[in-house]
Amino acid sequence: MQKERSIVSPLLSGVFCQCGSDPGGGAGTAVSEPPHHCSDAHATSAEFGSGSCGGALCGAGTEQEHRLKVLFQVLDVNKDGGICVNDLTIGLKKLGVHRTEKELRKILKAGDKDLDGQLDFDEFVHYLRDHEKKLRLVFKSLDKKNDGHIDSQEIMQSLRDLGVNISEQQAEKILKRIRKGQVWSPVTYMDKNGTMTIDWNEWRDYHLLHPADNIPEIILYWKHSTIFDVGESLTVPDEFTAEEKQTGMWWRHLVAGGGAGAVSRTCTAPLDRLKVLMQVHGSRSSNMCIVGGFTQMIHEGGVRSLWRGNGINVVKIAPETAIKFMAYEQIKRLIGTDQETLGILERFVAGSLAGAIAQSSIYPMEVLKTRLALRKTGQYSGIADCAKRIFQKEGFRAFYKGYIPNILGIIPYAGIDLAVYETLKNSWLQNYATDSVNPGMFVLLACGTASSTCGQLASYPLALVRTRMQAQATLEGAPQMSMSGLFRQIVRTEGVAGLYRGLAPNFMKVIPSVSISYVVYENLKMTLGVQSR
């Protein structure tokens, strides 16, 4: 089949790197007229980002510089030395490229560094260079076979990795007919030669001067465990895009998430301490209610006593997050995948193992948190004094009481939390993601709240048994029981409902926890220089 004429004018096609480097690492299609300054060795390079241009715009040569200036002059309709939205609208239509006003505003926002409402020449060049780097990263992530082409199976696999299942027919439709224009705009095609595959040149030409709304942005917008902190750290770690890893934004996300968790846990600490008291001391004969529990705590130790155990609960965020993230990345390598994202089952396995490693490392801090939350006024002078007394009186093994139910609790919590979140995300993306994969604050909060609630509900009996085992030594005359023994005793004396003591204050803190952590996370993210798309 004879290749159809590109939807992009020769002037625009000449702006991007024409060195012929194949980002997929395979048999990419060379451009028809490579610039004279590109050597033969460079033109045949098959490494991603290889060549003297480094995968960005070819900056050398007067021909390339001239094309950039001519393109800028064409788009600068009113000839004032800057390109505004109106200039882009008129200029791109002259060149046969149709973009909506929303898309053009996103282009302007991405490139306008001095915030004057328009792009000068330097900003325009910088935007094009930065944009092609992003396009290459996206093309590389979609090119699963690493052959320099994207086919329908690779589109399906990429979406499946992110929890979105589509048919092959839908994938071919995405491949061939990416975007329907407005009534006055023609339909544009990415697959210009009708082969049902897309090579790098087709990909680049189609996305020329197009805002970077693409599949990896689902990873950017749908962060879960990094943003939301409900006091439990059993969730599967979030994925980070190749761009986030290369630019170092991943650690800023983790720092912002850790700070958000600290604020969120501090704000909801009274409810968390009440939950622990109800788990340990609640029974049929001593049915502690929420109001009665708060009254008892304040009467015994004043208002400050509501925050007992919060210090160690905040301190353990940093080591636990760091260990879990490093373990997750190492387990991904052991699984043997170099893909940007794992499948749902692989994420669950890797995340659960990473969570188990992190919990094993910091579990003594979990025991200290429970003991400090249950302490009487004046019993311990601080965290170090509490640890010293436990070690002297009960030995090192006391720091791992309740360890088995805690590790077992990772499976239902992480599995159900991930499954519910991915299901809700998948449903939203299929039904409502028309212009953008960004769900917005309320959808993200709703999904995070629902998945966390379901995860906690499934693992709560194990969490209650864990807490009681951690606290057994503090109860005078109480026998030291095993996990199975405690389960049997609770069901026999209190019924199945006894396994859910303290559930009410636990659920009460979910909505404020996710809301506070989200707001703080967004603010810390901006402070740390993480750019939101």
Would you mind classifying the stretch 428-515 by shape? Square roots of the alpha carbon gyration tensor eigenvalues, ordered a ≥ b ≥ c; an a/c under 1.5 is rounded, otherwise it is prolate if a/b is larger than b/c and oblate if not. prolate
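Label the stretch 342-387 by shape, choosing from rounded, prolate and oblate, from the square roots a ≥ b ≥ c of the eigenvalues of the Cα gyration tensor; if a/c is under 1.5 it is rounded, and otherwise prolate applies when a/b is larger than b/c, oblate when it is not.
prolate
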Inter-site label distance for Y400 and T266 at 7 Å from Cα along Cβ, in nm: 3.4
Row for the stretch 282-426, column shape: gyration tensor on C-alpha, a ≥ b ≥ c, rounded if a/c < 1.5 i.e. under 1.5, prolate if a/b over b/c, else oblate; value prolate
Rounded to a whole number, what is D in µm²/s for the stretch 341-457 from Stokes-Einstein with the Kirkwood radius over alpha-carbon pairs (25 °C, 0.890 mPa s)? 143
Can you list the residues, at least 5 places off or on another chain, whose amide H is less than 5 Å from the amide H of I83, using H built in the peptide plane? L119, D120
FRET efficiency for S482 and I335, using Cβ-Cβ distance with R0 set to 30 Å, rounded to 0.05: 0.30
Cβ crowding within 10 Å averaged over residues, with 67-78, 507-518, 362-373 ranked highest first: 362-373, 507-518, 67-78
Taking 142-150, 298-306, 245-253 and ranking on average Cβ neighbours within 10 Å, highest first, one gets 142-150, 245-253, 298-306
If I stretch the segment between V519 and Q246 completely, what's the gain in nm (0.36 nm per residue apart, minus their alpha carbon distance), one decimal? 95.7 nm
Once you have the Cα-Cα distance between M326 and N431, take 0.36 nm times their residue separation minus that, and quote the gain in nm to one decimal. 34.3 nm
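Every read-out reported here was derived from the displayed coordinates using simple, explicitly stated rules and does not represent laboratory data. These figures come from a predicted structure and were not determined experimentally. Don't worry about glycine lacking a Cβ; one is built from the backbone with ideal geometry, like all the others, and counts go over all protein chains shown.
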